[in-house]
């Protein structure tokens, strides 16, 4: 049974429409490069480092390198739930923005583009596309979102939001 609740504009005190920085590197690609460099994040390209830093992976890096995908995904999900969201960067916040828009205004890229432009995040369509690409891609990779951006794992989001949700 799907548990519906309204998504607040804040995730653990972080306003999702302020200081949004569109990024281009997704989680899966960064993790593949991290494996290729045997866990040495200093060898990542600058855009890959931003993804690594965005998720605050330094403390859990050993759980992510050269492990089976399912174990890696579980480690990342647990890491996100253990983190103070106000310390997370663009990539995980893009996941939240995609879920928020899908569940508040409807799923899909067009709804996300309208939300980004209408809420002062960016007037540029390519910035909205970057948020869509990374947020949806990371969310699908982690088993949190469906391909259309709607929520797949309600329990995860309920835990991520903790006491900020309002059941509808």
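The values are calculated or read from the model by the stated rules, or taken from the named source; none is laboratory data. It should be emphasised that the depicted structure is a prediction, and the values quoted were computed from it without experimental measurement. Note that each Cβ is placed from the backbone with ideal geometry, even for glycine, and that neighbours are counted across all protein chains shown.
Summary table
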{"quantity": "Test: residue 70 is modelled with pLDDT of 95 or more, over 16 Å from the mean Cα position of the chain (by Cα) and closer than 17 Å to residue 156 by Cβ", "calculated": "yes"}
{"quantity": "Residue that is in contact with a helix residue (DSSP H, G or I) (Cβ under 7 Å, 6 or more places away or on another chain), within 21 Å of residue 54 (Cα to Cα) and not in a helix (DSSP H, G or I), where the choices are 139, 149", "calculated": "149"}
{"quantity": "Filter result for the condition that a residue is free of Cβ contacts under 8 Å to residues at least 12 places away in the same chain, farther than 16 Å from residue 26 by Cα, surrounded by fewer than 17 Cβ atoms within 10 Å (Cβ to Cβ) and out of contact with any helix residue (DSSP H, G or I) (no Cβ under 6 Å at 6 or more places or on another chain), over 106, 120", "calculated": "106"}
{"quantity": "Candidates 101, 65, filtered to the one that is touching a helix residue (DSSP H, G or I) at 6+ places or on another chain (Cβ under 8 Å) and assigned to a loop (DSSP other than H, G, I, E, B)", "calculated": "65"}
{"quantity": "Candidates 161, 112, filtered to the one that is touching a residue at least 24 places away in the same chain (Cβ under 8 Å) and in contact with a helix residue (DSSP H, G or I) (Cβ under 7 Å, 6 or more places away or on another chain)", "calculated": "112"}
{"quantity": "Selection count, the range 31-43, where residues are in contact with a helix residue (DSSP H, G or I) (Cβ under 9 Å, 6 or more places away or on another chain) and either without any contact (Cβ under 8 Å) to a residue 12 or more places away in the chain or under 23 Å from residue 135 (Cβ atoms) (or both)", "calculated": "9"}
{"quantity": "Count of the range 141-151 residues which are within 13 Å of residue 107 (Cβ to Cβ) and touching a residue at least 12 places away in the same chain (Cβ under 8 Å)", "calculated": "6"}
{"quantity": "Residues within the range 145-168 that are under 15 Å from residue 26 (Cβ atoms) and in contact with a strand residue (DSSP E or B) (Cβ under 7 Å, 6 or more places away or on another chain), tallied", "calculated": "1"}
{"quantity": "Answer residue from the range 68-98, given it is outside any helix (DSSP H, G or I) and free of Cβ contacts under 8 Å to residues at least 40 places away in the same chain and is farthest from residue 137 (Cα to Cα) among those", "calculated": "83"}
{"quantity": "Subset of the range 44-58 (residues that are farther than 15 Å from residue 139 by Cβ, part of a helix (DSSP H, G or I) and touching a helix residue (DSSP H, G or I) at 6+ places or on another chain (Cβ under 8 Å))", "calculated": "48, 49, 50, 52, 58"}
{"quantity": "Only listed residue being on the phi < 0 side of the Ramachandran plot and crowded, with 20+ Cβ neighbours inside 10 Å, chosen from 152, 144", "calculated": "144"}
